[in-house]
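Student: What follows is a single structure, and I will ask about it in a moment.
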Amino acid sequence: MRKSVKIISLAVFIVINICIYISLNLSDIKAIDINKALTFKNTESEVLVANFMTDEKQADEIYTGKVIEITGTVKEVSFLNNRNTLILQGKDKNSGVICDMNANQIDAIHKISIGDKITVKGICKGFLKDVVMLNCIIITNN
Amino acid sequence: MNKLLPFFFLILFFSDYDTKPDQYIARLGQVSFFSYTSVENIEAKNNQVLSILDLSKNEIGISMLMRGFVFKKSLMHEHFNESYIESDIYPKATFSGKIIDFDATTKEPQTRMIIGDLTIHGITEKAEIKTTIELIDNHYVLTGEFSVSIKNFDIKVPPILSSNIAKNISIKFRFEYNRYEE
């Protein structure tokens with residue numbers, strides 16, 4: 001009897017661990033394909049930053065966690081820490097929109113110059129001194 | 001009330017920085033964390049961490065978005081934000097502290113301690129962090145590594161996943177500062 005309980009316990013333990021392994025390592029169905037994702041909102045970078053500076057809580061409710069398209073003037077192109085980052089002009093000199101670019105955008109980034117007006121699509125993550133967007137792609141480069 | 005005091009100091013700290021000299025800013029600071037267990041290793045990076053360094057007072061402030069951490073698997077990102085860190089309720093982690101015995105006139109790398117308040121998941125704990133400060137191409141660069149106990153920050157892991165998440169999380173950071181101009 002005791003032996004059968006041990007075997008059943010061991011089996012349950014193994015099944016649970018297999019389930020955990022599958023859930024953590026194999027199922028990745030919620031990854032967002034930014035190209036195909038529907039855009040929740042389009043706006044200008046100055047307007048987006050102004051919204052967060054005016055009322056961060058309300059702006060968080062509107063934008064954070066959403067796929068948005070932002071049009072603005074490039075004020076910095078950075079490759080710091082092996083990341084490809086564009087910073088769009090914000091409401092003032094000390095604010096902007098940090099766009100951490102998708103890895104497939106490497107060729108497009110090298111065609112960008114400071115002062116270009118571009119539209120990027122990405123996921124808004126919130127606001128520090130700048131609005132932070134991840135997984136960005138360039139939609140238009142005017 | 002005691003738990004709120006660090007927030008007030010942090011607000012004062014940041015608001016003070018818009019007008020004073022000897023201030024440096026890192027908008028693209030990097031913070032990584034690592035959880036090592038025999039079952040699995042979990043790693044995540046945040047490359048948009050904000051830090052302001054005030055060399056007139058040898059003070060440092062750091063703020064980061066918890067949703068800004070990138071994991072290899074999106075499901076890990078979801079668990080981290082929704083179950084452990086509760087990013088909707090506690091969207092940011094912050095640190096404010098003082099660099100002890102830092103000499104801004106020395107161009108050689110310096111290893112110093114930073115003592116301050118670390119706030120994660122709405123809990124503030126005293127922290128002592130060892131850092132190396134270098135002046136590279138006129139940019140101050142701060143790097144270091146430390147560990148935090150998830151128990152100290154009231155981060156609850158379901159018993160079924162306790163073997164997957166380390167009790168002490170290793171954290172690495174790198175900040176490269178530019179002069180903060182008005």
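Student: List every residue pair whose Cβ atoms sit under 7 Å apart, with the two residues 6 or more apart in sequence or on different chains, where the first one lies in the stretch B:60-77 and is within 7 Å of chain A (Cβ to nearest Cβ) and the second, anywhere, is part of a helix (DSSP H, G or I).
Tutor: Taking only residues 6 or more apart or on different chains, the pairs are B:67/B:81; B:73/A:24; B:73/A:25; B:75/A:23; B:75/A:24; B:76/A:24.
Student: Related question: For residue B:94, all conditions in the list (1) assigned to a strand (DSSP E or B); (2) at positive phi hold save one; what is the number of the exception?
Tutor: Evaluating residue B:94 over (1) assigned to a strand (DSSP E or B); (2) at positive phi leaves (2) as the failure.
Student: If you don't mind, there's one more thing I want to ask. Go through the stretch B:54-91 and count every residue that is part of a strand (DSSP E or B) and among the aliphatic types (A, V, I, L, M).
Tutor: Counting residues in the stretch B:54-91 that are part of a strand (DSSP E or B) and among the aliphatic types (A, V, I, L, M) gives 5.
Student: Which of the residues that make up the stretch A:94-139 are of a type in the set (Gly, Ala, Ser) and touching a helix residue (DSSP H, G or I) at 6+ places or on another chain (Cβ under 8 Å)? Walk me through how you get there before you give the answer.
Tutor: Our first condition is that a residue be of a type in the set (Gly, Ala, Ser); within the stretch A:94-139, this holds for A:95-96, A:103, A:108, A:113, A:115, A:122, A:126.
Listed by number, the residues that qualify are A:95, A:96, A:126.
Student: Also, I was wondering about something else. Looking at (1) more than 15 Å from the chain's Cα centre (by Cα); (2) assigned to a strand (DSSP E or B); (3) more than 14 Å from every other protein chain (Cβ to nearest Cβ), which is the one condition that is false for residue A:77?
Tutor: Just one mismatch for residue A:77, condition (3).
Student: Would the stretch A:80-87 turn up any residue that is of a type in the set (Ser, Thr, Tyr) and modelled with pLDDT under 95? Can you show your working first?
Tutor: Step one: filter the stretch A:80-87 for residues of a type in the set (Ser, Thr, Tyr), giving A:85.
Filter once more, so that each one left must be modelled with pLDDT under 95: none.
No, the stretch A:80-87 has no match at all.
Student: While we're here: Assigned to a helix (DSSP H, G or I), under 30 Å from residue A:122 (Cα atoms), modelled with pLDDT of 75 or more and within 16 Å of the chain's Cα centre (by Cα), is that true of residue A:48?
Tutor: On the way: assigned to a helix (DSSP H, G or I): yes; under 30 Å from residue A:122 (Cα atoms): yes; modelled with pLDDT of 75 or more: yes; within 16 Å of the chain's Cα centre (by Cα): yes.
For residue A:48, the condition - assigned to a helix (DSSP H, G or I), under 30 Å from residue A:122 (Cα atoms), modelled with pLDDT of 75 or more and within 16 Å of the chain's Cα centre (by Cα) - is met.
Student: Between A:139, A:68, which is in contact (Cβ under 8 Å) with a residue 40 or more places away in the chain, assigned to a strand (DSSP E or B), under 12 Å from the mean Cα position of the chain (by Cα) and more than 12 Å from chain B (Cβ to nearest Cβ)? Show your work before the answer.
Tutor: Working: A:139 fails: under 12 Å from the mean Cα position of the chain (by Cα).
The match here is A:68.
The values are calculated or read from the model by the stated rules, or taken from the named source; none is laboratory data. Bear in mind the structure is a predicted one, so any value in this text is a computation, not a measurement. In this analysis, Cβ positions are derived from the backbone assuming ideal geometry, glycine residues included, and neighbour counts consider all displayed protein chains.
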